[in-house]
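Peer 1: One structure is given below, represented as structure tokens, and several questions about it will come after.
The values are calculated or read from the model by the stated rules, or taken from the named source; none is laboratory data. Because the structure is predicted, anything quoted here is derived from the model rather than measured. When we count neighbours, we look across all protein chains shown, and the Cβ atoms used for this are built from the backbone with ideal geometry, even at glycine. Just the protein is used for accessible areas: all its heavy atoms, side chains included, with ligands, DNA and RNA removed. Shrake-Rupley method; radii C 1.70, N 1.55, O 1.52, S 1.80 Å.
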Amino acid sequence: MTTSTPTAEPGPGAGTPTASLLDVDGLRIAATAGARHSIVDGVSFAVAPGECVGVVGESGSGKSLAVRAVTGLLPDGVTVTGGTVSLGGQDVLGLGPRARGALRGRRVALLMQDPFTMLHPQLTCGRQIADGLREEEHPRRGRAARAARRAEVVRRLAEVGLPAEIADRYPHELSGGMLQRAATAAALAADPDLLIADEPTTALDSANQAAVLALLGRLRHERAMGLVLITHDLRVAFSSCDRIYVLYAGSVLEHGPAGDVQAAPQHPYTAALLASEPSVFRRKDPLPSIPGSVPPPGSRGAGCPFAVRCAHVAAECRTAPLTLAAPPAGAPGADRRRTACARIGALTALPGAAGEDTGDAGPRQAREERTAGAPHAGPRRSDAALVVEGVGRRFGTGADAGHQALSDVSLTVPAGEITALVGRSGSGKTTLARIAIGLETFDSGTVRSGPVELRAGGRPGPADRRRLAAHTQIVFQDPYASLSPLRTVGATLREALAAARRNGLAVDGDRDQAVLALLDQVGLPAHYADRRPAALSGGERQRVAVARALAARPRLLICDEAVAALDVSVQAQILGLLAELRRSQNFAVLFITHDLAVVRQIADRVAVLSRGRVVEEGTTAEVLDHPRHEETRRLLAAVPEREVAD
Amino acid sequence: MTDHPTAAGPADRTGTTARRPRPRIRPLTAAGAAVAVLLLAAAAFGQSLLPGWDAQDIAAGARMPGGGHLLGTDALGRDIAEMTIAGARSTLTGAALVALGSMLIGNVLGLLAGYLGGWTDMLVRRWADLLLAVPALLVTLVVAGIGGGGYALAVCALMVLTSPSDIRLVRTAVREQRHLPYVEAAETLGLPRRTVMLRHIWPNTLPVAVANTLLNFAGSVVALSSLSFLGLGVPPGAPDWGRMLAENRDLLYTNPSAALAPAVLIVLSAVVLNHLGDRVLEVFSKRGNA
Amino acid sequence: MNRGPLPLRYVLTRVGGTLVLLFVLSVAVFALLRIAPGDPARTLLGQRGATPQALAAVRARYHLDSPFAAQYLHWLGGVLHLDLGTSIRTGAPVSATIGGRLALTGQLVGLGLAVALLLGIPGGILTALRRYRATDRAVQTAGLVALSTPAFAGGLVLIYLFSLMLRWFPAYGPGQGGGDRLHHLVLPAVTLALSVTAVLLKLTRAAVIRELAKEHVVFARARGVPERRILVDYVLRGALVPVLTGVGLVVAYLLAGTVLVEQVFALPGLGSLLVESVTYRDVPLVQAEALFIATLVVLAGLVTDLAQPLIDPRLRPARTGKGNAR
């Protein structure tokens, strides 16, 4: 630690092992195109050799850019405008592009999010691993050298747990989990001192997620390598990292040892974020959420960027410059922690992950009570919102092997209840949702969506589609593609209302009033009717999508991973909104998700889908607390959340 | 990653909530648009404003610029400047018809193929592939020449032969939108498929179609003037850039502007239209990434 | 399972598709006789006296009284034996007429393609690497002008500059002998290549820029792969398939261009032959030429199709033992 630091902040690495591997101090990053918005406002962090540091934050926090700046691989239109970055004591921002290029691979390497685009599709995995090997140790020319390189590639594959024949495979021949392993081997080919992993598990399903996290942890120990894990997922960060930096809107709001931060956050933002994270172990009632959304670059005021959303805000928060200081002496690990909250001394203890439940009669008992709203007996078929019986669906025909997406699936969604359908990617859950709403055909079996009987082998006709529309609606995963980019929110909702009226819904009163009523229902102000989707945040778009679906007053709402693309705090808002709307309008919900914590939070019943079959079904408490099927147990084991002892 | 529906997690879409700045109009693009307007005005009103464009004066034939003739005269003593302005009509209107007709064919077939899929899609695709496999200029030359239909036949043939690029483009754009959640949401509202196709998908494919129409316009200027250079298409006596060039190329020594003036205007029209098309495409592809 | 780089099924479907395409095109070419106004027999007689005997002879020779399909089969049978009929205008056998003009046009197209490849592809790579800078803007502007210039206008300007003003190259004619022929073909080949170069330039630039923006390029940089190897092995490899497809399409452009270029430079090749035959409604000759050109274009397409799986492993059949994804 040789960098001079401001007096207000006794060094980001204070209290960490000496001889820092990476030191970032006061880093500023701004957009160069158009208006020069500041994206990262003076971020400092440090990584010691062999240490795993988590950088967590919601979208728009600048976490990815701040860490990528270390590698010199910022995207076009974004540039470093201040601060220092030193790798192993060497200042790197002053270096020329060639010298910085020479550092990549050996000093620092970057592993990215999407295994399907990270590797070149026309080169074998082995070739791409070999391309990164240090040439002085593994020369390229000569027959003997080539054989040695090949042996080295096989050794590297073995290191990440892949067999030797993967060397000759092309990326499109491998699964996501295998690809992420191969990419890890490629990233480590030149034996870097520091590996930066940017959301390395976000594109993987939970089982692969756990495996890749375990692999990264093992490699860090074996190689005594520094590891920076950038993630939006608090559970991932807390389960794998030694220390955590919490970023919000371009600033570090808090940092410290992972366990201490999780148990006793020293910033209201961290506390609120932890509280709004659903838990797989118990339902939070209600699930706290943070109002509003992350301010975009260019619209951040002075003072604490979180002030506008903070429940503990005071006048000083909006004016005092942001400084990291040690928390009050009573906080766990206070000497190794820093918080940016100016009022932390004045606040009484903020709730940690153990949360507000501590006064309860004990988690298990509370859990039983809270999910007891669902009848324990099997659902009655007569008043069911959706009945699926013996449905099969096969994709791909002819000489291709084809893929049996669903085989003999039966499922009943009782009226007025929330039924979750869980499974890993490829289990067929989205296919089933699309069949239920007539977007996908099926080969065999019967589907009765309320009053509409869907037939196997064909799309529903116009009359059936209208009756189906009056009964069943859907909210999709991607809020950014859910709304027509050219239409205002009002136009989208007016069209939905007009369609509902044509489909037989008696709508009384003025249509504009009805639009405002819909907006109000989903918690959006009236003037949003004139906005286009581009002017809305992800959470706001998802609210509009919910409003559009509710225009038809459906009896069944299908949510296809409807909260999966949202930030934790926004996800909590939408989950709360859905629960509240379900209570007031008493429709049934088929909730498709991969996230068991979300299931625990929202669902009355749950069905587990594996390779196109329903393998387990029951009330949420039954299935999550006493899983009977292997697949359910596997899904539960892969959840990165650690149960906090209370 | 569309094949990973559970790819959870928010991508860092920094700044999506801020209004994007409007794309700046470059001076060059503005100049191009102005030239395009002038050329189209010449095509529309040139012959009415210059009723004497074909006045002959053999005695004053093949003169260099000067003496009341801004660009000199051709072998028959006609004023090159006036003829060039009058000649805008046949090339530009023909090319505009080709581009617009092709856009119409392309939008109808592309929309149907992209949205309906299945057999419709297969047939339309085969048709487009077939037309794309043959050189448009040669086919038009042969069909118009053998068929003896002149200008109208040439324009129609070129229209059909230009349409595959529009068909493919619109079809691809429709297929990109086809399974986007906002389109499927419109379907699940129970809206008629026609409404979904015309009111939801089509408007979002328009920018590429407009850009491609401008590019096709430019290409058709080149193709139509090539045909009239070869003596096909334009009826005898009508002013036309390609024909002027063919007739006046022997005057390169005596009055080069007789051949160069129409050549320059052909190139200028095509450059301006190509540039505008490229710009539209650029602006909208940037906006699409927003 | 076939694991070779060129899977048999792929080859068979492509070749089959090409044959179907050729069949359709040959029917269209044959139907040309029908779109000519008036009695086909009179069209085939041309300027000669249309005596009843002569008309009857032509009807018998071309089986004009049989159904369309039978006429077509007779014609196709002749084509397959290289019997393409006789020219209406000269009375000479069509195959001999075409054969006599083939060499000149072949040389012209070959030279033009070479110019276009040598200028267009490196230019596209260069502009992509220097994108949005001065070099890129300058080359792109030049490309825009080249794309917008019809071959006859471009040829005229080149003649004016390099023949009349500078006197470097001859303006007209095919020249005699190897060296002289090359000297005579420089301006025509450059003229022919102008628009094609622009097309290749645009296409290559777009393909390389697309590749440069790929995640795998960032990842290659992020793990220290040398910059030169990233350019050659990652970026250019990825751009190869679209560029190759473009080269296949460009053959049609080049053949169409010869019509104009040969007219401007007074070259007695296939292009000027086509213009003459069309003007005289010399239907047998036009049919033969159209069929010849269609075959060339379709074969060029087939070659590029077959080359693709050699370059891109994703187009080859997947091997067994694929991971459990999806």
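Peer 1: Given 0.36 nm per residue, what is the gain on full extension from C:LEU315 to C:ARG181 after removing their alpha carbon distance, in nm?
Peer 2: So the extension gain works out to 43.9 nm.
Peer 1: Considering only A:THR419, A:LEU486, B:SER269, whose Cα is most displaced toward the positive end of the charge dipole of the protein assembly as shown, charges sitting on Cβ of Lys, Arg (+1) and Asp, Glu (-1)?
Peer 2: Highest projection toward the positive end goes to B:SER269.
Peer 1: Please give the FRET efficiency for C:HIS63 paired with B:GLU176, using the beta carbon to beta carbon distance and R0 = 51 Å, rounded to the nearest 0.05.
Peer 2: Using R0 = 51 Å, I get an efficiency of 0.50.
Peer 1: Then there is this: May I have the pair-distance distribution P(r) for the stretch A:444-496, computed from all Cα-Cα distances with 5 Å bins from 0 and rounded to whole percent?
Peer 2: Computed distribution, short to long bins: 4, 16, 19, 18, 16, 15, 8, 2, 0.
Peer 1: Between A:SER410 and A:ALA526, how many nm apart are label points set 7 Å from Cα along the C-beta direction?
Peer 2: It is 5.2 nm.
Peer 1: So what is Rg over Rh here for the stretch A:173-228, counting just Cα atoms and using Kirkwood for Rh?
Peer 2: 0.95
Peer 1: Same structure again: Taking the Cα centre of the stretch A:564-640 as the origin, how large is its charge dipole in debye, to the nearest 20, when only Lys and Arg (+1) and Asp and Glu (-1) carry charge on their Cβ atoms?
Peer 2: Around 120 debye, computed over the stretch A:564-640.
Peer 1: I've got another one for you. If r is the Cβ-Cβ distance from B:LEU70 to C:ARG228 and R0 is 41 Å, what FRET efficiency results, to the nearest 0.05?
Peer 2: 0.15
Peer 1: Let me ask you something else. Please state the Cα pair-distance histogram of chain A with 10 angstrom bins from zero: what percent is in each bin?
Peer 2: 3, 14, 23, 25, 20, 11, 3, 0, 0
Peer 1: How much of the accessible area of the stretch B:88-288, in percent, comes from carbon and sulfur atoms when a 1.4 Å probe is used?
Peer 2: 70
Peer 1: Probe of 1.4 angstrom, ligands and nucleic acids ignored: what's the accessible area per residue over the protein assembly as shown, in square angstrom?
Peer 2: 40
Peer 1: Against the longest alpha carbon principal axis of chain B, how many degrees, from 0 to 90 and to the nearest 10, is the axis of helix B:256-288 turned?
Peer 2: 10
Peer 1: For a label point 7 angstrom out from the Cα of A:ARG98 toward its Cβ, which stretches of the stretch C:127-143 have the backbone nitrogen within less than 12 Å?
Peer 2: Flagged as within label range: none.
Peer 1: At the nearest 100 Å², what buried accessible area, both sides summed, do you get for A and B when the probe is 1.4 Å?
Peer 2: Summing both sides, the interface buries roughly 3900 Å².
Peer 1: Could you work out [θ]222 nm for the protein assembly as shown from helices alone, using -39500 (n - 2.57) per DSSP H run of at least four and dividing by all its residues? Round to the nearest 500 deg cm²/dmol.
Peer 2: Here the helix-only value at 222 nm equals -16000 deg cm²/dmol.
Peer 1: In degrees from 0 to 90, rounded to the nearest 10, what is the angle of the helix A:143-159 Cα long axis to the longest principal axis of chain A?
Peer 2: Helix A:143-159 and the main axis of chain A meet at about 50 degrees.
Peer 1: Quick one: which bits of the stretch A:157-193 get at least 30 Å² less accessible when the partner protein chains are in, versus the chain alone, with a 1.4 Å probe?
Peer 2: Those are A:ARG169, A:TYR170, A:HIS172, A:GLU173, A:SER175, which lose 30 Å² or more relative to the chain on its own.
Peer 1: Now for a separate question. How far apart, in nm, are the 7 Å Cα→Cβ label points at A:ALA637 and A:GLN585?
Peer 2: It is 4.1 nm.
Peer 1: Right, here's the next one. Over the stretch B:88-288, what per residue volume does the convex hull of the Cα atoms give, in whole Å³?
Peer 2: Residue-normalised Cα hull volume stands at 120 Å³.
Peer 1: Which value in Å does the Kirkwood hydrodynamic radius of the stretch C:101-278 take, with 1/r averaged over all unlike C-alpha pairs and then inverted?
Peer 2: Here the Kirkwood hydrodynamic radius works out to 17.5 Å.
Peer 1: Okay, next question. Carbon and sulfur together cover what percent of the accessible area of the stretch C:101-278 at a 1.4 Å probe radius?
Peer 2: Answer for the stretch C:101-278 is 69 percent, counting heavy atoms of protein chains only.
Peer 1: List the DSSP H helices in chain C whose Cα atoms stretch 24 Å or more along the helix axis and whose mean Kyte-Doolittle hydropathy is at least -0.5.
Peer 2: Sorted by number, the helices that extend far enough and score high enough are C:8-35, C:94-129, C:178-212, C:237-264, C:283-311.
Peer 1: Taking amide hydrogens as modeled 1.01 Å from N in the peptide plane, which residues meet the under 5 Å criterion relative to A:SER610, leaving out close sequence neighbours?
Peer 2: Distant-sequence amide H within range of A:SER610: A:VAL615.
Peer 1: Each label point is 7 Å from the Cα along the Cα-to-Cβ direction; what then is the distance between the points at C:LEU8 and A:HIS626, in nm?
Peer 2: According to this spin-label approximation, the distance is 5.9 nm.
Peer 1: What's the buried accessible area, both sides, between B and C using a 1.4 Å probe, rounded to 100 Å²?
Peer 2: Looking at B and C, the buried total is near 3500 Å².
Peer 1: Assign unit charges at the C-beta atoms only (+1 for Lys and Arg, -1 for Asp and Glu), then state the dipole size of the protein assembly as shown relative to its Cα centre in Debye, rounded to the nearest 20.
Peer 2: 1100
Peer 1: Here is a further query. Sorted from largest down, give the three principal axis spans of the alpha carbons of the protein assembly as shown, whole angstrom values.
Peer 2: 114, 73, 68
Peer 1: Let me ask something else about it. On each of the three principal axes of the Cα atoms of the stretch B:188-290, give max minus min coordinate, whole Å, ordered largest first.
Peer 2: 71, 31, 15
Peer 1: Applying 1/(1 + (r/R0)^6) with R0 = 35 Å to the Cβ-Cβ distance of A:ALA214 and A:GLU137, what FRET efficiency is obtained, to the nearest 0.05?
Peer 2: FRET efficiency, A:ALA214 to A:GLU137: 0.80.
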